[in-house]
Amino acid sequence: MDFEELVKAMRKLALEAGDVIMEVYGQEDFAVRAKADDSPVTAADEAADALISAGLRAAFPDIHLVTEEQAESHAGGAPEFLIVDPLDGTKEFVHRRGDFTVNIAFVKDGTPVRGIVYAPAKGRMFYTRADGVSVEEDGPFDKETPGSTRPIRVSSPDNDALMVVASKSHRDQATDDYISRYALKDMTSAGSSLKFCLVATGEADLYPRLGRTMEWDTAAGHAVLVGAGGQVIRFDDHTPLGYGKPGYENPFFIAHAPGVELKRG
(Lines give C-alpha, C1' and ligand atoms only; values in the text may rest on other atoms or scores of the structure.)
Protein backbone atom coordinates (compact mmCIF):
# COMPACT_ATOMS: atom_id res chain seq x y z
CA MET A 1 0.00 0.00 0.00
CA ASP A 2 1.25 3.46 -0.98
CA PHE A 3 0.41 5.44 2.18
CA GLU A 4 0.86 8.81 0.46
CA GLU A 5 -1.80 7.89 -2.09
CA LEU A 6 -4.00 6.29 0.56
CA VAL A 7 -4.05 9.35 2.83
CA LYS A 8 -4.68 11.65 -0.15
CA ALA A 9 -7.62 9.51 -1.30
CA MET A 10 -9.12 9.06 2.17
CA ARG A 11 -8.95 12.77 2.87
CA LYS A 12 -10.59 13.79 -0.42
CA LEU A 13 -13.33 11.16 -0.16
CA ALA A 14 -14.09 12.06 3.45
CA LEU A 15 -14.52 15.72 2.50
CA GLU A 16 -16.69 14.86 -0.49
CA ALA A 17 -18.83 12.57 1.67
CA GLY A 18 -19.11 15.37 4.24
CA ASP A 19 -20.58 17.65 1.58
CA VAL A 20 -23.18 15.02 0.66
CA ILE A 21 -24.06 14.48 4.32
CA MET A 22 -24.41 18.18 5.07
CA GLU A 23 -26.68 18.63 2.05
CA VAL A 24 -29.14 16.18 3.61
CA TYR A 25 -28.54 17.60 7.10
CA GLY A 26 -29.58 21.02 5.86
CA GLN A 27 -32.97 19.83 4.67
CA GLU A 28 -36.01 20.66 6.78
CA ASP A 29 -36.97 17.00 6.86
CA PHE A 30 -35.44 13.72 5.76
CA ALA A 31 -36.55 10.11 5.92
CA VAL A 32 -35.17 7.76 8.55
CA ARG A 33 -35.67 4.02 8.33
CA ALA A 34 -34.56 1.12 10.50
CA LYS A 35 -32.11 -1.52 9.33
CA ALA A 36 -32.39 -5.19 10.24
CA ASP A 37 -30.59 -4.55 13.56
CA ASP A 38 -32.97 -1.63 14.31
CA SER A 39 -30.23 0.96 13.87
CA PRO A 40 -31.27 4.05 11.89
CA VAL A 41 -30.17 4.80 8.35
CA THR A 42 -30.79 7.89 6.20
CA ALA A 43 -30.22 8.99 2.62
CA ALA A 44 -27.04 10.66 3.88
CA ASP A 45 -25.59 7.31 5.05
CA GLU A 46 -26.37 5.69 1.72
CA ALA A 47 -25.16 8.54 -0.51
CA ALA A 48 -21.91 8.93 1.45
CA ASP A 49 -21.34 5.19 1.33
CA ALA A 50 -21.84 5.05 -2.44
CA LEU A 51 -19.41 7.91 -2.97
CA ILE A 52 -16.68 6.57 -0.68
CA SER A 53 -16.88 2.95 -1.78
CA ALA A 54 -16.78 3.88 -5.48
CA GLY A 55 -13.76 6.09 -4.88
CA LEU A 56 -11.87 3.49 -2.87
CA ARG A 57 -12.60 0.69 -5.32
CA ALA A 58 -11.38 2.84 -8.19
CA ALA A 59 -8.20 3.87 -6.37
CA PHE A 60 -7.39 0.52 -4.72
CA PRO A 61 -9.10 -2.22 -6.77
CA ASP A 62 -7.03 -5.02 -5.27
CA ILE A 63 -7.74 -4.18 -1.62
CA HIS A 64 -10.72 -5.79 0.12
CA LEU A 65 -13.35 -3.23 1.14
CA VAL A 66 -15.65 -3.56 4.14
CA THR A 67 -18.36 -0.96 4.58
CA GLU A 68 -21.21 -0.77 7.06
CA GLU A 69 -23.94 -0.15 4.50
CA GLN A 70 -23.06 -3.09 2.20
CA ALA A 71 -23.90 -6.34 3.98
CA GLU A 72 -22.24 -8.44 1.28
CA SER A 73 -18.89 -6.85 2.21
CA HIS A 74 -19.14 -8.34 5.71
CA ALA A 75 -18.54 -11.91 4.50
CA GLY A 76 -15.04 -13.29 4.31
CA GLY A 77 -11.92 -11.36 5.12
CA ALA A 78 -8.36 -10.49 4.15
CA PRO A 79 -5.09 -9.67 5.95
CA GLU A 80 -5.33 -6.13 4.56
CA PHE A 81 -8.58 -4.26 4.06
CA LEU A 82 -10.18 -0.85 3.90
CA ILE A 83 -13.09 -0.31 6.29
CA VAL A 84 -15.68 2.46 6.13
CA ASP A 85 -18.44 3.91 8.24
CA PRO A 86 -19.78 6.64 5.96
CA LEU A 87 -21.84 8.27 8.73
CA ASP A 88 -20.99 7.26 12.27
CA GLY A 89 -23.41 8.70 14.78
CA THR A 90 -26.61 8.52 12.74
CA LYS A 91 -28.62 9.12 15.92
CA GLU A 92 -26.69 12.36 16.45
CA PHE A 93 -27.36 13.24 12.82
CA VAL A 94 -31.10 12.54 13.10
CA HIS A 95 -31.38 14.62 16.27
CA ARG A 96 -29.24 17.36 14.70
CA ARG A 97 -26.62 17.31 17.43
CA GLY A 98 -23.63 17.60 15.10
CA ASP A 99 -21.53 14.81 16.65
CA PHE A 100 -21.40 12.61 13.55
CA THR A 101 -18.37 11.63 11.52
CA VAL A 102 -17.10 10.15 8.28
CA ASN A 103 -14.69 7.28 8.97
CA ILE A 104 -12.26 5.54 6.62
CA ALA A 105 -9.42 3.28 7.74
CA PHE A 106 -6.87 0.80 6.44
CA VAL A 107 -6.26 -2.35 8.49
CA LYS A 108 -3.13 -4.47 8.15
CA ASP A 109 -2.63 -7.74 10.03
CA GLY A 110 -5.38 -6.96 12.51
CA THR A 111 -4.34 -3.38 13.30
CA PRO A 112 -5.78 -0.11 11.94
CA VAL A 113 -2.61 1.60 10.68
CA ARG A 114 -4.05 4.63 8.85
CA GLY A 115 -7.37 6.41 9.22
CA ILE A 116 -9.38 9.60 8.93
CA VAL A 117 -12.21 10.96 11.08
CA TYR A 118 -14.05 13.98 9.68
CA ALA A 119 -16.83 15.74 11.57
CA PRO A 120 -18.39 18.02 8.93
CA ALA A 121 -20.86 19.78 11.23
CA LYS A 122 -18.10 20.49 13.74
CA GLY A 123 -15.51 21.53 11.17
CA ARG A 124 -12.91 19.17 12.66
CA MET A 125 -10.79 16.66 10.78
CA PHE A 126 -8.24 14.24 12.19
CA TYR A 127 -6.10 11.77 10.26
CA THR A 128 -2.88 9.83 10.17
CA ARG A 129 -0.24 11.14 7.82
CA ALA A 130 1.62 8.77 5.51
CA ASP A 131 4.31 8.41 8.20
CA GLY A 132 1.70 7.29 10.75
CA VAL A 133 1.70 10.48 12.84
CA SER A 134 -1.79 11.79 13.62
CA VAL A 135 -2.69 15.39 12.92
CA GLU A 136 -5.65 17.73 13.08
CA GLU A 137 -6.08 19.90 10.01
CA ASP A 138 -7.35 23.45 10.31
CA GLY A 139 -10.22 24.49 8.07
CA PRO A 140 -11.53 25.65 5.74
CA PHE A 141 -10.79 22.42 3.91
CA ASP A 142 -9.75 22.26 0.27
CA LYS A 143 -10.33 18.83 -1.28
CA GLU A 144 -7.15 18.87 -3.36
CA THR A 145 -4.70 20.68 -1.10
CA PRO A 146 -4.35 20.05 2.63
CA GLY A 147 -4.28 23.13 4.84
CA SER A 148 -2.17 23.68 7.91
CA THR A 149 -1.95 20.68 10.22
CA ARG A 150 -0.87 20.21 13.81
CA PRO A 151 0.44 16.92 15.18
CA ILE A 152 -1.78 15.78 18.03
CA ARG A 153 -0.68 13.94 21.16
CA VAL A 154 -2.37 12.20 24.05
CA SER A 155 -2.25 13.70 27.51
CA SER A 156 0.07 12.91 30.38
CA PRO A 157 -2.79 12.04 32.70
CA ASP A 158 -3.10 12.84 36.38
CA ASN A 159 -4.65 9.70 37.86
CA ASP A 160 -6.08 11.75 40.71
CA ALA A 161 -7.99 13.95 38.25
CA LEU A 162 -8.84 12.16 35.03
CA MET A 163 -10.90 13.54 32.17
CA VAL A 164 -13.27 10.86 30.87
CA VAL A 165 -15.33 10.90 27.69
CA ALA A 166 -18.29 8.59 27.21
CA SER A 167 -20.98 7.96 24.62
CA LYS A 168 -23.74 10.52 24.22
CA SER A 169 -26.34 8.06 22.88
CA HIS A 170 -25.24 4.74 24.39
CA ARG A 171 -24.48 5.40 28.07
CA ASP A 172 -25.60 2.71 30.49
CA GLN A 173 -25.27 1.80 34.14
CA ALA A 174 -22.38 -0.60 33.52
CA THR A 175 -20.37 2.21 31.93
CA ASP A 176 -21.16 4.60 34.77
CA ASP A 177 -20.22 1.95 37.34
CA TYR A 178 -16.86 1.39 35.66
CA ILE A 179 -16.12 5.12 35.35
CA SER A 180 -16.95 5.56 39.06
CA ARG A 181 -13.87 3.50 39.91
CA TYR A 182 -11.61 6.35 38.77
CA ALA A 183 -10.81 9.69 40.38
CA LEU A 184 -12.27 12.20 37.98
CA LYS A 185 -11.48 15.81 37.24
CA ASP A 186 -14.47 15.99 34.94
CA MET A 187 -16.50 14.01 32.45
CA THR A 188 -17.83 14.86 29.04
CA SER A 189 -19.95 13.12 26.44
CA ALA A 190 -19.56 12.97 22.68
CA GLY A 191 -21.09 11.08 19.82
CA SER A 192 -19.51 8.82 17.23
CA SER A 193 -15.76 8.29 16.78
CA LEU A 194 -15.07 11.81 18.05
CA LYS A 195 -14.49 10.19 21.44
CA PHE A 196 -11.28 8.57 20.15
CA CYS A 197 -10.17 11.93 18.77
CA LEU A 198 -10.74 13.70 22.09
CA VAL A 199 -8.38 11.20 23.72
CA ALA A 200 -5.94 11.61 20.82
CA THR A 201 -5.78 15.39 21.28
CA GLY A 202 -5.44 15.18 25.06
CA GLU A 203 -8.91 16.68 25.61
CA ALA A 204 -9.76 13.44 27.44
CA ASP A 205 -7.68 10.72 29.07
CA LEU A 206 -10.00 7.73 28.97
CA TYR A 207 -12.88 6.40 26.87
CA PRO A 208 -14.41 3.09 28.04
CA ARG A 209 -17.01 1.41 25.83
CA LEU A 210 -19.13 -1.28 27.46
CA GLY A 211 -21.55 -1.75 24.62
CA ARG A 212 -21.87 -3.19 21.15
CA THR A 213 -19.74 -1.68 18.40
CA MET A 214 -18.58 -2.87 15.02
CA GLU A 215 -15.12 -2.54 13.55
CA TRP A 216 -16.23 0.16 11.10
CA ASP A 217 -17.33 2.23 14.11
CA THR A 218 -13.88 2.18 15.65
CA ALA A 219 -11.11 1.54 13.10
CA ALA A 220 -10.52 5.11 11.93
CA GLY A 221 -10.64 6.58 15.43
CA HIS A 222 -8.41 3.74 16.65
CA ALA A 223 -5.81 4.57 13.98
CA VAL A 224 -5.91 8.28 14.85
CA LEU A 225 -5.49 7.54 18.55
CA VAL A 226 -2.55 5.17 18.02
CA GLY A 227 -0.88 7.75 15.76
CA ALA A 228 -1.16 10.21 18.66
CA GLY A 229 0.46 7.83 21.14
CA GLY A 230 -2.69 6.26 22.58
CA GLN A 231 -3.92 2.70 22.95
CA VAL A 232 -7.12 0.73 22.44
CA ILE A 233 -7.45 -2.50 24.41
CA ARG A 234 -10.08 -5.12 25.10
CA PHE A 235 -12.04 -4.53 28.29
CA ASP A 236 -11.86 -8.16 29.41
CA ASP A 237 -8.15 -8.92 29.30
CA HIS A 238 -6.47 -5.60 28.38
CA THR A 239 -4.89 -7.07 25.21
CA PRO A 240 -4.84 -4.94 22.05
CA LEU A 241 -8.17 -4.68 20.23
CA GLY A 242 -7.78 -6.61 16.98
CA TYR A 243 -9.56 -6.33 13.64
CA GLY A 244 -10.77 -8.74 10.99
CA LYS A 245 -12.83 -10.69 13.52
CA PRO A 246 -15.71 -12.90 12.33
CA GLY A 247 -18.68 -10.64 11.64
CA TYR A 248 -16.50 -7.58 12.36
CA GLU A 249 -18.04 -7.21 15.84
CA ASN A 250 -15.98 -5.75 18.68
CA PRO A 251 -15.85 -6.81 22.32
CA PHE A 252 -16.07 -4.11 24.98
CA PHE A 253 -12.94 -1.94 24.92
CA ILE A 254 -11.02 0.90 26.56
CA ALA A 255 -9.32 3.71 24.64
CA HIS A 256 -6.81 5.60 26.74
CA ALA A 257 -3.65 7.61 27.13
CA PRO A 258 -0.85 5.24 28.21
CA GLY A 259 -0.37 6.87 31.62
CA VAL A 260 -3.86 5.99 32.86
CA GLU A 261 -3.78 3.41 35.67
CA LEU A 262 -6.45 1.12 34.30
CA LYS A 263 -8.97 -0.67 36.46
CA ARG A 264 -10.01 -4.23 35.76
CA GLY A 265 -13.63 -4.81 34.82
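The values are calculated or read from the model by the stated rules, or taken from the named source; none is laboratory data. None of the values given here were measured: they were computed from a predicted structure. For neighbour counting, all protein chains shown are included, and Cβ atoms are generated from backbone atoms with ideal geometry for every residue, glycine included.
Right, residue 49: among the charged types (D, E, K, R) and more than 25 Å from residue 167 (Cβ to Cβ) or not? If you could, list the steps in order and put the result at the bottom.
Values: among the charged types (D, E, K, R): yes; more than 25 Å from residue 167 (Cβ to Cβ): no.
So residue 49 fails the test.
Find the helices (runs of 4 or more DSSP H) located wholly in the stretch 150-265 whose residues include 1 or more that are more than 21 Å from residue 97 (Cα to Cα), of a type in the set (Asp, Glu) and in the same structural domain as residue 66 (by TED's automatic domain parsing), and list them. If you could, list the steps in order and put the result at the bottom.
Working: elements: 173-179, 194-200, 215-227.
Counting at least 1 such residues, we get no helices (runs of 4 or more DSSP H) at all.
Residue by residue, here is whether (1) of a type outside the set (Ser, Thr, Tyr); (2) surrounded by 21 or more Cβ atoms within 10 Å (Cβ to Cβ); (3) under 18 Å from the mean Cα position of the chain (by Cα) holds:
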site	(1), (2), (3)
114	yes, yes, yes
155	no, yes, no
159	yes, no, no
177	yes, no, no
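Got a sec? Which strands (runs of 3 or more DSSP E) wholly within the stretch 1-77 have at least 2 residues that are at pLDDT below 95?
32-34, 40-42
Only one of these is in contact with a strand residue (DSSP E or B) (Cβ under 7 Å, 6 or more places away or on another chain) and of a type in the set (A, V, I, L, M): 121, 183, 130. Name it. Give the steps one after another, and end with the answer.
Values: 121 fails: in contact with a strand residue (DSSP E or B) (Cβ under 7 Å, 6 or more places away or on another chain); 130 fails: in contact with a strand residue (DSSP E or B) (Cβ under 7 Å, 6 or more places away or on another chain).
Exactly one of 121, 183, 130 is in contact with a strand residue (DSSP E or B) (Cβ under 7 Å, 6 or more places away or on another chain) and of a type in the set (A, V, I, L, M), namely 183.
State the number of residues belonging to the stretch 7-28 that are among the hydrophobic types (A, V, I, L, M, F, W, C) and touching a Lys or Arg at 6+ places or on another chain (Cβ under 6 Å). So that I can check it myself, show each step before the final result.
Quick first cut of the stretch 7-28, residues among the hydrophobic types (A, V, I, L, M, F, W, C) only: 7, 9-10, 13-15, 17, 20-22, 24.
Applying the additional criterion that residues be touching a Lys or Arg at 6+ places or on another chain (Cβ under 6 Å) yields 15.
So the answer is 1.
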